[in-house]
Every structure is written in structure tokens, then in C-alpha cells.
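Reviewing the structure listed below.
The values are calculated or read from the model by the stated rules, or taken from the named source; none is laboratory data. Keep in mind that this is a model prediction, so the values were computed, not measured. Cβ atoms come from the backbone with ideal geometry, glycine included; neighbour counts cover every protein chain shown.
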Amino acid sequence: MPLQVEPARSATPPVHGGRAHRPGSHAIVIGVLNNMPDPALEATERQFSSLLQAATGSHPVRLRFSCLPGVPRGPAARERIERTYWRLEELLRQAPDALIVTGTEPRAASLSDEPYWAQFVEVLDWAEAHTVSSIWSCLAAHAAVEVLDGVRRRRLEQKRFGVFEHAVLAGHPLVRGVCAPLRMPHSRWNELPVAQLRSTGYAILSCSPESGADVFVKQRRSLHLFFQGHPEYERTTLFKEYRRDVGRFLSGEQSTYPPLPCRYFSAEATAALREFQDRALSQRTAELLTDFPAAAAAGALSSWRPAALTMYRNWLSWVAKAKAAAGTAVQAQA
């Protein structure tokens, strides 16, 4: 089934009584709150659109992009958001069936000190009351778990960066058909402690001693699905992040050279990038970034895509069944 990205609307009739269950309306309506920093804004739109398009199967999907207004933006990003995104209040007023919420690059030491924190809490409360399910990605997962259960993330000694292999919880419908080891890209400086997640009632669907909790879920009034990794990433996303971090090192924005993403590059690409690292450590200038081996992108391996598609297909099927059940309940009460 084709996926439709719906254009922004500013003047539509209100929907009363929460999510509307219109007879014959079978499309799954998903709101995507894209809170990623300006340089990643369009890439994130493309990543989620592409993944959902490939995962739709027999489920028609309508996608509506929005974002938290409190996330700081530059002029170009603000113009794009004003032109193509749904205003947050309008998105919620139209009551999508499910939400996908991304994180953003943190600016404060504590998540609760971020400028968008109050808006995030309001969205989480709304999702709990009005959606059948929501996905919380990376930093958004950290923030949601802190709000829901007081579990705070902890800082890692080194960035968790690359493609990691995970064991899978057999039998759960959201990972049905996913084979172990589940390979998933991660790119983060923080983690949620596995023991605390389990003790507060989260079911951990995939986990690794090396990378910790990967995918986990909690059923409350709504089903909350959390990814510390990034199933939506394209093949070259980690390559671009690595190049960005190398540029930050060369310009003096960060003090240490970034780690090479693990289990991601071919042997040939790894050798070229190691050679450039040796040069960078001895000739640390911002101008050196122009010599970064761009050809290494061809050696980037996208080993997680089949599992990502399977999990998103499973999630869409779960949302479709939950939406149908909720619609039947509404009709029975009428």
C-alpha cells in the first residue's frame, strides 16, 4: 500500500471525543514529531518516510510531520517547518492513531532543563490518553522513561557508536520474525540501565551485554515502544555522523578523535579511515576535513534493514488491530 505524507493544515473542523473512528476509514494515521537538529531535519523525514513506506504491507498509512515548538531552530529550518509541518496543536486536535517522537541533540546537562521539556511532557501525557501506540526514539526514549517511571539515563565513558548485535525476546509479537543476532545501529552518549528498566515493568525485546537495552516496550493505557538504537537509519547515516564528529575534532569543538563505528565499514574502508585518523592526529586543522575519504561511504554496510522492516511491519499490524478494536468498541457504545 502507498504511504501518503499529508500536507500541513491550519483550519480544519475539530474532532470531538478523542480519536475519530470514521466508518470505512482504515488508514493508519501517524504523527511524526521530528525534533532532530536542523542539519538532520530533512534526512530524518526521509528516513522515517522510507522505512514506513517499505513496511506498510496491506496497511494504508497517512503520515503527518510536526515537531516540538520549543526545540531551537535556525531561519531555514523554521521556514521549512512553517511551510510543510503540522502545527503541534493542530496535529493533536486531529488525533492521529499513533505517534513517532524523535530526540534532538541535548543542550542541558539534565533533560528536564531542556527548553522543550514541558511540551514533551504534555505530548507524552496526550499520547498515553489518545493513541493506541507511540514510538520513542533514542533521546526521546530517555526522556519518556524518566517521565513515566523516574528512570534516569546515565552517561557512558565512550560514545556507543556503530552496529551492535542483540539477543531477541522470543514470542513477543513486535519482534516476530526477527532473527538473532539482531543488528542495530546506535549513536549515543547515554544509556538507560537494564536492571532499572526491568524492575519498573519494561519488557526488553532485544538486548546485548555490549550495548545494553536496544528495543523495549511497556503497555499502559497506550502501548509505548522504545528504541535506543536507530532502525530508521539509512546505509550512510553513521558515516555522515562519523565525518561530522571528525570535523568537530579538527575544528577544536571536541577534544578527542571520535571512535570508528564498530561492525559498519568494510576492511578497505576501515583502512582508509584509519590512515586519515593518523593524519588528523598529527595535522589537526579544520581544513584537513576536505581530504576526508568520502569513498569510504561505499564500504558502509546496512545489515540492520531487514530487521527494521520486520519490526515496523509488526508495529503497524499491532496499531491496525488496536485501532479496529477501539473502533468496534466505540460503535458498540453508540
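Filtering A295, A322, A307 for residues that are of a type outside the set (K, R) and farther than 30 Å from L169 by Cβ leaves a single hit, A295. Cβ-Cβ contacts under 7 Å between residues 6 or more apart (or on different chains), taken from a first residue in the stretch 46-59 that is among the polar types (S, T, N, Q) to a second residue that is assigned to a loop (DSSP other than H, G, I, E, B) and surrounded by 17 or more Cβ atoms within 10 Å (Cβ to Cβ), are listed as Q47/E232; Q47/Y233; Q47/E234. If you check A54, A77, A43 for being modelled with pLDDT of 95 or more, in a helix (DSSP H, G or I) and farther than 25 Å from Y116 by Cβ, only one passes: A54.
Report whether or not G247 is within 21 Å of A40 (Cβ to Cβ) and either outside the structural domain of G177 (by TED's automatic domain parsing) or over 22 Å from the mean Cα position of the chain (by Cα) (or both). Against the criterion (within 21 Å of A40 (Cβ to Cβ) and either outside the structural domain of G177 (by TED's automatic domain parsing) or over 22 Å from the mean Cα position of the chain (by Cα) (or both)), G247 qualifies.
For the stretch 92-103, the criterion of being out of contact with any His (no Cβ under 9 Å at 6 or more places or on another chain) and assigned to a helix (DSSP H, G or I) is met by at least one residue.
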